[in-house]
1. Looking only at the stretch 176-202, how many residues end up being modelled with pLDDT of 85 or more, surrounded by fewer than 20 Cβ atoms within 10 Å (Cβ to Cβ) and of a type in the set (Lys, Arg)?
2. Say we look at the stretch 146-179 and pick out the residues that are assigned to a loop (DSSP other than H, G, I, E, B) and touching a residue at least 24 places away in the same chain (Cβ under 8 Å); which of these is nearest to the chain's Cα centre (by Cα)?
Amino acid sequence: MTRGTGQGTTTEVATSDESWDAVHGNDAIQFGPVKKTPIPEQVPPEPREPGWLERFFEWLGDLLSPIGKLFGASWPVVQWIMIGLAIAMLLYLLYRLLEPVLEFRIKKDAEVEEEWVPEREEALALLDDADRLAQEGRYDEATHLLLKRSVGQISAARPEWVEPSSTARELAALPALPEAARNTFSVIAERVERSLFALRPLVLEDWEAARAAYAEFALQKLTGRHMQEQAA
């Protein structure tokens, strides 16, 4: 029994070896040799050129290094303090250089806001149209035309000042308007409101007061400015 079993085992081992050799020898089911893909060589990046700020700090460090030797171990703290002072001084010098330009622009903008007046041609055309209505005895229409055109002039020159719902009384109290313009609007608006809401027709004196207020504000300043431009 033992002998027979040994022969069977030997036969099975031989059969397994033959099967393994047969599989291993079949080229159709074998994998080819693995080809190794060469890894490209990593090229180190070129050193970056230091910027102007880095060069400034480097120069400042070299400049202050002799002083650092005097402070010893506390030099790193003192170095940053001195660098901060140097930057603050640089910003102060830059501000002093730009200060005249900034003040000039602010002053110029403020003068433009305070000295706003309608264009000369528009003011003259408005008075001509209103005068024609007044000559026909239509004082209400002439005064209302002064107010309506004046609001249009302001809206065209300074759109941010006038809203669609703005009333003549609100414009007369507008802080952005020069004082002369506010007075003019008050005189004209008072008479227009009287004409529309009190149902009282305007007379010649009302028209003359409204016209004089507009002319004093618009034409006198325009004439003065025109004469200054000619003298220049």
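The values are calculated or read from the model by the stated rules, or taken from the named source; none is laboratory data. If you're wondering where the values come from, they're calculated on a predicted model, not measured in any experiment. Cβ placement follows ideal geometry from the backbone for every residue including glycine, while neighbour counts extend to all protein chains displayed.
1. 1
2. Arg158
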